[in-house]
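The values are calculated or read from the model by the stated rules, or taken from the named source; none is laboratory data. Given the structure is predicted, the values throughout are model-derived calculations rather than measurements. For neighbour counting, all protein chains shown are included, and Cβ atoms are generated from backbone atoms with ideal geometry for every residue, glycine included.
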Amino acid sequence: MLQVIALKTGSGQTVQAQICQMQQNHVDDFEGIWRDILRELGQDDAFWSWATKKRLSVNDDRFEAYAIEYEGLIPIQFLYATDGRRRIEG
């Protein structure tokens with residue numbers, strides 16, 4: 001699934017981004033870029049284990065993992081808990 005979406009920046013500007021199912025490169029980007037930034041800001045904790053969340057979405061139909069891509073970076077990742085009976089279609 002790949003879908004173009006509009007995001008509003010902190011300055012109020014609207015930009016185009018893409019939402020897609022989380023891939024290994026998204027997990028790698030988090031580990032290589034975002035984890036250190038979050039640690040420096042004191043925001044790093046156990047809930048940021050995107051490798052675990054990616055595995056969960058692959059092995060358990062009750063969960064889906066997505067990433068939002070903007071300018072080649074992944075500023076947003078999220079895990080969606082379904083009721084086990086449906087998948088998000090795009």
Of residues in the range 28-48 being part of a loop (DSSP other than H, G, I, E, B) and not polar (S, T, N, Q), the one modelled with the lowest pLDDT: D45
Looking for something surrounded by 13 or more Cβ atoms within 10 Å (Cβ to Cβ) and modelled with pLDDT under 80 - is there at least one such residue anywhere in the range 59-68? no
I'd like to check something: does the range 1-16 contain any residue that is at pLDDT below 85 and hydrophobic (A, V, I, L, M, F, W, C)? yes
